[in-house]
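One structure below.
The values are calculated or read from the model by the stated rules, or taken from the named source; none is laboratory data. Nothing here was measured: the structure is a model prediction, and the numbers come from that model. Note: ideal-geometry Cβ built from the backbone for every residue, glycine included; neighbour counts use all protein chains shown.
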Amino acid sequence: MTFVSTTGTSRAAAPGPTGTLRMTPGRWLALAIGVPVALTLIGWTGFSLVTSFARGSYTFSDEIPVQDHQVALHMNSGNVTLREGSGGSTAWLTGVVQYGLVRPGISEYTSPGGGTDLDVNCDGIAAGNCGVNATLDVPAQIPVALWSNGGDITASGFSSGVTLWAAGGNVSASNLGGNLRLNTGGGDLTGTGLKGQIQITAEGGNVSASYLDSTSGPVQINTGGGDLTANGIEGDVSFTTYGGNVNGDGLVSQQAIIQSGGGDVALAFSQPPQNVQITAYGGNVTLILPPAGTGYDISTTADGGNTNIAQSLQNGTSPDKITINSGGGDITVSQS
């Protein structure tokens, strides 16, 4: 038997690096860019994870003085609900501030033009991690002017006049009376059960108005880019849309002036109007009229569309005037 000794022998090792890795300019540049970026991504991911779970809140209550028999409040952000208080001569603003890791402060001061300014310092706080929900209680018979630069406004139950301005949110108003000025800078506006001198403006959203009663001058509604829907309006009306449609039903108006910059106009009157002027620069016009004893003196101009008018409504000697101009659509006038 023959034995082969393996003493003193070894396996051949795999080849390895012959020296230290050489740092070329390209490698130095990759490190200079990649390391800070990687650290930033790691830090931001961790911060986002923490802020998604770290939520805090605190309540506040501020006395808002009545100046010149009016409550005027400017809020730089947040949602506000306006409601009638129990009485007295002082309004109160109560609410909740919600935040993430950073607790924002609140500052209050009197603006040079009068009224109260309330600022919640959300500067430098990530979007969605700082917000306010507040309620403004105002004594009865005290007019209110309320501005919010970043949230929604809800108001109901006032009869002494209200001015509302939401620069970036929606406005919802119901059962208001007096001198009413309702405005949105970029949101939708809904008004129901309003009575008095009414002016509504939505610079970028839609307007939905129902059961409005004008007691002084026409109901004025203007939209900068949205649709206008009006139902059950009593009193003269002035509607203007620069980019949306106009839809009206159940109108009880003696005088109606309608202008549409680019949309259709569709109106239905519940009672015979005396004077209707409709101008549509780019859409169709559909008008439904109730029968009138003397008919209507109807005048139409359709630059680019067809005209269809019910013969039963036409009377060139009637004192009730209907004037319709369409720059690019059809005109249809029918009897209800």
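Going through ILE278, ILE309 one at a time, which residue ends up being closer than 20 Å to SER238 by Cβ and crowded, with 17+ Cβ neighbours inside 10 Å?
Residue meeting the stated conditions: ILE278.
For the stretch 279-336, give me each residue that is of a type in the set (Ser, Thr, Tyr), closer than 17 Å to GLN254 by Cα and assigned to a strand (DSSP E or B).
Across the stretch 279-336, the qualifying residues are TYR296, THR323.
Can you name every residue in the stretch 65-110 that is surrounded by fewer than 15 Cβ atoms within 10 Å (Cβ to Cβ) and over 26 Å from SER159 (Cβ atoms)?
Passing the criteria: VAL96, LEU101, ARG103, GLY105, ILE106, SER107, GLU108, TYR109, THR110.
I need the full set of residues from the stretch 224-236 which are modelled with pLDDT under 95 and crowded, with 18+ Cβ neighbours inside 10 Å, in order please.
GLY224, GLY226, listed by residue number.
Kindly indicate which of THR192, THR215 is of a type in the set (Val, Ile, Thr), surrounded by fewer than 17 Cβ atoms within 10 Å (Cβ to Cβ), within 21 Å of SER270 (Cβ to Cβ) and in contact with a strand residue (DSSP E or B) (Cβ under 6 Å, 6 or more places away or on another chain).
THR215
For the stretch 297-307, give me the residue count where each residue is modelled with pLDDT of 95 or more and either among the aliphatic types (A, V, I, L, M) or over 18 Å from GLN277 (Cβ atoms) (or both).
Matching residues across the stretch 297-307 total 1.
Could you look through the stretch 122-174, keep only residues that are modelled with pLDDT under 90 and part of a strand (DSSP E or B), and pick out the one that is farthest from THR190 (Cα to Cα)?
This residue is CYS130.
(1) at pLDDT 95 or above; (2) crowded, with 16+ Cβ neighbours inside 10 Å; (3) closer than 21 Å to THR317 by Cβ: which one isn't true of THR240, the others all being true?
With (1) at pLDDT 95 or above; (2) crowded, with 16+ Cβ neighbours inside 10 Å; (3) closer than 21 Å to THR317 by Cβ applied to THR240, the lone miss is (3).
Would you confirm, using the coordinates I've provided, whether GLY186 is out of contact with any strand residue (DSSP E or B) (no Cβ under 6 Å at 6 or more places or on another chain), in a loop (DSSP other than H, G, I, E, B) and within 16 Å of ILE153 (Cα to Cα)?
Yes, satisfied.
Scan the stretch 227-252 for residues that are of a type in the set (A, V, I, L, M) and closer than 19 Å to THR184 by Cβ and jot them down.
The answer is LEU228, ALA230, VAL246.
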